[in-house]
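Comments concern the structure below.
The values are calculated or read from the model by the stated rules, or taken from the named source; none is laboratory data. Since the model is a prediction, treat every value here as computed from it, not as a measurement. Positions of Cβ are backbone-derived with ideal geometry, glycine not excepted, and every protein chain shown enters the neighbour counts.
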Amino acid sequence: MPPARKHICVCICTYKRLDFLKRLLTELGRQDTDGLFTYSIVVADNDHLQSAKAVVTDFLATSAIPVAYCVEPRQNIALTRNKAVENASGDYIAFIDDDEFPIKRWLVTLFNACNEYGVDGVLGPVNRYFDEPPPKWILKGNFYDRATYPTGFVIDWPKGRTGNVLLKRDIFPTDELFFNPEFRNGEDQDFFRRMIERGHKFIWCNEAVAYEVVPPMRWKRSFMLRRALLRGSMEPKTPTFKVQSVLKSVIAVCIYTIALPFALALGHHRFMRLLVSLCDHLGKILAFVGINPIKESYVTE
């Protein structure tokens, strides 16, 4: 008897991004497997009004790919990821964000890399994608570009994320929450930190590409700055945080503030990159002294 094929469950956490979710499900419905595995999908809706349910229902009406739909009513990305994993089955769990979509050989490329390198998980690149041309300063400033690495590169925890990843199901801990709900951002880095400390190994596969849709809403300066404040405010909650980091941020805020007029003279894209970095540091400082600069769980507009 031939060995039973492995099964991959693709987990999607979503919150009121219905058009993006529809595109993602469409692309997931046409994934190559080369006969190596079967796969299914879990959609974890973080909207208590269940706004994503109709999109999942429409997809199921035309696709043979099994989809489980679940709801996490508490607005928290870590709790939503936990809900997705709790409803997942199989030998592997893949994560992809609801505003992304993968290439046709995304899953099989991750699967082959995981087995070829004998590791516990594989991460892939997320390239920016514009449905319409953005302002030139967005392109010149390389906003929404992400770092990439050679295939086989061993990932350390600061590079860990769940936007494009395949993980072996048996690495998920049974003695603690998979993702820590104290984090509103960076819960995936915390997950990889704990898993690497336990001896698990993760590598990069540069051929397993997913695309992140960058709509006009994300071209807004206010969106970029509010998201930077939220991102910075999460660092003091990490176990590796040190007070010296706040002192560095205080110095950085002073220097960046002085440099802003000079950056503007060199181009708006340089000015915005500096201002985003300043808000990252400012968010950290405010959170350290007990001020929460962003009240919402997600920056969506």
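Does at least one position in the stretch 93-114 carry a residue that is of a type in the set (Ser, Thr, Tyr), within 24 Å of residue 173 (Cα to Cα) and modelled with pLDDT of 95 or more? Before you say what the answer is, go through the steps one by one.
The initial filter retains those residues of the stretch 93-114 that are of a type in the set (Ser, Thr, Tyr), namely 109.
Right, trim to within 24 Å of residue 173 (Cα to Cα) and you get none.
Checking the stretch 93-114: not a single residue is of a type in the set (Ser, Thr, Tyr), within 24 Å of residue 173 (Cα to Cα) and modelled with pLDDT of 95 or more.
Does the stretch 17-36 contain any residue that is aromatic (Phe, Trp, Tyr), buried (at least 21 other Cβ atoms within 10 Å of the Cβ) and either in contact (Cβ under 8 Å) with a residue 60 or more places away in the chain or not assigned by TED's automatic domain parsing to the domain that holds residue 110 (or both)? So far as the stretch 17-36 goes, no, none of its residues is aromatic (Phe, Trp, Tyr), buried (at least 21 other Cβ atoms within 10 Å of the Cβ) and either in contact (Cβ under 8 Å) with a residue 60 or more places away in the chain or not assigned by TED's automatic domain parsing to the domain that holds residue 110 (or both). I'd like to check something: does the stretch 111-119 contain any residue that is assigned to a loop (DSSP other than H, G, I, E, B), hydrophobic (A, V, I, L, M, F, W, C), under 22 Å from residue 190 (Cβ atoms) and touching a residue at least 12 places away in the same chain (Cβ under 8 Å)? There is at least one residue in the stretch 111-119 that is assigned to a loop (DSSP other than H, G, I, E, B), hydrophobic (A, V, I, L, M, F, W, C), under 22 Å from residue 190 (Cβ atoms) and touching a residue at least 12 places away in the same chain (Cβ under 8 Å).
Screening the stretch 144-166 for residues that are of a type outside the set (Val, Ile, Thr), under 17 Å from residue 114 (Cα atoms) and outside any loop (DSSP other than H, G, I, E, B) and picking the one that is nearest to the chain's Cα centre (by Cα) gives 164.
Just need a number here: residues in the stretch 202-242 that are under 19 Å from the mean Cα position of the chain (by Cα) and part of a loop (DSSP other than H, G, I, E, B). Step through it out loud before you land on a result.
Taking the stretch 202-242 and keeping what is under 19 Å from the mean Cα position of the chain (by Cα), we get 202-215, 217-219, 223-235, 237-238.
Filter once more, so that each one left must be part of a loop (DSSP other than H, G, I, E, B): 205-209, 214-215, 238.
Of the residues in the stretch 202-242, 8 are under 19 Å from the mean Cα position of the chain (by Cα) and part of a loop (DSSP other than H, G, I, E, B).
Once the stretch 95-119 is narrowed to residues that are surrounded by fewer than 19 Cβ atoms within 10 Å (Cβ to Cβ) and of a type in the set (D, E, K, R), the residue that is nearest to residue 16 (Cα to Cα) is 104. Only one of the numbered conditions (1) of a type in the set (Val, Ile, Thr); (2) at pLDDT 95 or above; (3) outside any helix (DSSP H, G or I) is not met by residue 299, and that is (2). Quick check: anything in the stretch 89-97 over 25 Å from residue 34 (Cα atoms) and either more than 17 Å from the chain's Cα centre (by Cα) or not hydroxyl-bearing (Ser, Thr, Tyr) (or both)? No, the conditions are met nowhere in the stretch 89-97. In the stretch 167-193, of all residues being among the polar types (S, T, N, Q) and outside any helix (DSSP H, G or I), the one that is farthest from residue 9 (Cα to Cα) corresponds to 185.
If you go through the stretch 202-249 and keep only what is among the polar types (S, T, N, Q) and either in the same structural domain as residue 123 (by TED's automatic domain parsing) or more than 26 Å from residue 166 (Cβ to Cβ) (or both), you end up with 206, 222, 233, 244, 245, 249.
Checking every residue in the stretch 76-94 against the condition of being in the same structural domain as residue 26 (by TED's automatic domain parsing), surrounded by 14 or more Cβ atoms within 10 Å (Cβ to Cβ) and under 15 Å from residue 209 (Cβ atoms) gives at least one match. Within the stretch 9-22, is even one residue more than 19 Å from the chain's Cα centre (by Cα), part of a strand (DSSP E or B) and under 24 Å from residue 177 (Cα atoms)? Checking the stretch 9-22: not a single residue is more than 19 Å from the chain's Cα centre (by Cα), part of a strand (DSSP E or B) and under 24 Å from residue 177 (Cα atoms).
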